[in-house]
Structures are given as C-alpha cells and as structure tokens.
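Written out below as structure tokens is the structure these notes cover.
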Amino acid sequence: MLVPYANRALELNEEALARLREESASGPVRLGVSEDRALAGLTPALKRFQSSHPEVLLEIFVAGPAKFDLLLAKGGLDFVICDPSSVAAAPVMEWHARPF
C-alpha cells in the first residue's frame, strides 16, 4: 500500500535535486552576524560558501541586536546569525548548529 507513495516521494526528491542543480545562486545576500559569532570562527564557513557560490555577493554586517532589529524591520538584511532571543524580530526559521 505504501510503495506508490514511496515512489512518488523518491521522484519528487529527484525532481527537486535536478531543479537545484539547474539554477545557481547569484546576486547580493545581506547577512547580519552577531559579534560573538563573527569572532567564533565563522570566517572559514563563509569562505567555503563563497567558493561554492562565486556568483553570490555576500554583504556582511557585524553588529549587535539593536542594529539587527532596525535592519530587519527596514528589510536591510536577508539573514541573521545570532541568538534568536537577542532580537525582537520573530525568526522565520531557526536551526541549531554545533558551536563553531
């Protein structure tokens, strides 16, 4: 009974992966990084990202929570890497990574 669903899930997975391979990321990405994260070894990860996505222009803002709140409210940042409890804006998504 579940085999047709499993096959559909596999087909959708392959379709999604093919679509991602077709399109390359490009353009500016505005990234806010808290001071503690910027000093905690984020640079190697950003270098790896940049080498994998050379068409992306990373604009990195290192600041504190108050500045992030202002920039997020004005649409001045695409992503923020910080402790979610330190900013007033509600996160769209959170993930918990191992420490740098």
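The values are calculated or read from the model by the stated rules, or taken from the named source; none is laboratory data. Because the structure is predicted, anything quoted here is derived from the model rather than measured.
Could you say which residue among A25, A9, A16 is of a type outside the set (D, E, K, R), more than 20 Å from P84 (Cα to Cα), modelled with pLDDT under 85 and in a helix (DSSP H, G or I)?
Checking each option against the conditions leaves just A16.
Tell me yes or no: at least one residue of region 51-62 is of a type in the set (D, E) and either at pLDDT below 85 or part of a loop (DSSP other than H, G, I, E, B) (or both). Give the steps one after another, and end with the answer.
Applying the first criterion (of a type in the set (D, E)) to region 51-62 yields 55, 59.
Restricting the remaining residues to those that are either at pLDDT below 85 or part of a loop (DSSP other than H, G, I, E, B) (or both) gives 55.
Yes - at least one qualifying residue is present in region 51-62.
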